[in-house]
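To start, the structure itself, in structure tokens.
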Amino acid sequence: VRPLVSLVGAGPGAADLMTLRAVERLRAAEVVFHDRLVDPAALDFAPPQAERVLVGKAPGVREWSQPRINRLLVAAARQGRRVVRLKCGDPGVFGRAGEEIAALAEAGFAVEIVPGVTAASAAAAEIGRPLTDRAARRSLLLVSAHPAEGAPPLDWAALGAADATLAVYMGVARAGEVAAALMAGGADPATPVAVVERAGRADARRTAATLGDLAAVIAAQAVRNPAILLIDPPRRAAGAAAAPRRAAAAG
Ligand SMILES: C[S@@+](CC[C@H](N)C(=O)[O-])C[C@H]1O[C@@H](n2cnc3c(N)ncnc32)[C@H](O)[C@@H]1O
């Protein structure tokens, strides 16, 4: 028997980048709790009588706290309704899915996860290159620049030395700090960075930068969320220590 509650990935904000399974779950939904970044057209897949509840957390807006969202999900499941929790991208990537699954599990409800196209994949497609390749991009790190309150700062020097492409989510406001921390750890300021806004949507925009000019380019181009930074595997700057120093971390 399929669980009553499905955590469904809506993809990067374009309904045609949703999976067939996501559409199927929406068609069967009695209530849909959705994020702000979800394409409104995605909600049209739910039956007209299904309740739609926007529980998105706009930056700086606090009224939909995570505990409140958790309580709503549990209450709807207790009513025996088919619940879809529709999240942008993949629900398991920086989506606080773990907290919702734990709250539902504590109340005795199993949860099904329906994966979605995460922003890093959509952004790579937008710039027409693979996220990884066998020669130059052999690993990929998905990094959030927006740490949970009280979490220890990220070790950007180690991340920069990992020989991996860095896909930085929620990084626009902190791009300058992130770049500075990577460079303080020895990354070459000439390291290319692709800034992709609204990946996957008709109004997507790509902006090329380097670590050295990232903050200035973001300000000059008025880059806005949702946007993701794809940082090439940082080269070591000339004269940088072989072993990274622990750099001042953003956040
Ligand atoms: C809370 S995280 C959620 C990530 C989402 N679960 C995913 O898998 O893509 C929100 C961040 O994802 C990134 N993001 C989401 N949709 C995007 C899009 N269409 N284009 C670029 N970045 C996007 C942005 O960095 C945004 O600040």
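Conditions: (1) crowded, with 18+ Cβ neighbours inside 10 Å; (2) at pLDDT below 95; (3) of a type in the set (Lys, Arg). Arg236 meets all but one. Number of the miss?
In the conditions (1) crowded, with 18+ Cβ neighbours inside 10 Å; (2) at pLDDT below 95; (3) of a type in the set (Lys, Arg), Arg236 misses (1) alone.
Exactly one condition in (1) of a type outside the set (Phe, Trp, Tyr); (2) surrounded by 14 or more Cβ atoms within 10 Å (Cβ to Cβ); (3) closer than 30 Å to Leu229 by Cα is not met by Ala77; state its number.
Going through (1) of a type outside the set (Phe, Trp, Tyr); (2) surrounded by 14 or more Cβ atoms within 10 Å (Cβ to Cβ); (3) closer than 30 Å to Leu229 by Cα one by one, Ala77 breaks only (3).
What single numbered condition from (1) at negative phi; (2) surrounded by 13 or more Cβ atoms within 10 Å (Cβ to Cβ) fails to hold for Phe94?
Of the numbered conditions (1) at negative phi; (2) surrounded by 13 or more Cβ atoms within 10 Å (Cβ to Cβ), the odd one out for Phe94 is (1).
Within region 71-91, count every residue that is within 14 Å of Arg2 (Cβ to Cβ), in contact with a strand residue (DSSP E or B) (Cβ under 9 Å, 6 or more places away or on another chain) and away from the ligand (no atom under 16 Å from the Cβ).
The qualifying residues number 4.
Pull up region 103-125, narrow it to residues that are in a helix (DSSP H, G or I) and open to solvent by less than 10 Å² (accessible area, probe 1.4 Å), then point me to the one that is farthest from the ligand (Cβ to nearest atom).
The residue in question is Leu104.
In region 160-176, which residue that is part of a helix (DSSP H, G or I) and at pLDDT 95 or above is least open to solvent (accessible area, probe 1.4 Å)?
To start, the set of residues in region 160-176 that are part of a helix (DSSP H, G or I) comprises 160, 175-176.
Narrowing further to those that are at pLDDT 95 or above: 175-176.
On the way: Ala175: 2, Gly176: 33 Å².
This residue is Ala175.
Suppose we keep only residues that are free of Cβ contacts under 8 Å to residues at least 40 places away in the same chain and outside any loop (DSSP other than H, G, I, E, B) within region 131-159. Which one would you say is nearest to Ala187 (Cα to Cα)?
Leu159
What are the residue pairs meeting all of these: first residue in region 5-23, first residue within 12 Å of the ligand (Cβ to nearest atom), second residue small (Gly, Ala, Ser) and part of a strand (DSSP E or B), Cβ atoms under 8 Å, and 6 or more apart or on different chains?
Filtered contacts from region 5-23: Gly9/Gly89; Ala10/Gly89; Gly11/Gly89; Pro12/Gly89; Leu17/Gly11.
Just for region 1-21: of the residues that are more than 18 Å from the chain's Cα centre (by Cα) and aliphatic (A, V, I, L, M), which one is most open to solvent (accessible area, probe 1.4 Å)?
Val1
With (1) away from the ligand (no atom under 13 Å from the Cβ); (2) farther than 18 Å from Arg206 by Cα; (3) touching a residue at least 40 places away in the same chain (Cβ under 8 Å) as the list, and Glu100 as the residue in question, which single condition is left unmet?
(1)
In this structure, does Gly128 turn out to be within 23 Å of Arg96 (Cα to Cα), open to solvent by 10 Å² or more (accessible area, probe 1.4 Å), in a loop (DSSP other than H, G, I, E, B) and more than 13 Å from the ligand (Cβ to nearest atom)?
Numbers: within 23 Å of Arg96 (Cα to Cα): no; open to solvent by 10 Å² or more (accessible area, probe 1.4 Å): yes; in a loop (DSSP other than H, G, I, E, B): yes; more than 13 Å from the ligand (Cβ to nearest atom): yes.
Taking the combined requirement at face value, the residue does not satisfy it.
Among the residues that make up region 200-218, is at least one of them within 24 Å of Gly13 (Cα to Cα), buried (at least 20 other Cβ atoms within 10 Å of the Cβ), in contact (Cβ under 8 Å) with a residue 24 or more places away in the chain and away from the ligand (no atom under 11 Å from the Cβ)?
yes
The values are calculated or read from the model by the stated rules, or taken from the named source; none is laboratory data. On a predicted model such as this, the values are computed, not experimentally measured, just so you know. Cβ: placed from backbone, ideal geometry, glycine included. Neighbour counts: every protein chain shown. What goes into the accessible areas is simple: the full protein's heavy atoms, side chains included, and nothing from ligands, DNA or RNA. Shrake-Rupley method; radii C 1.70, N 1.55, O 1.52, S 1.80 Å.
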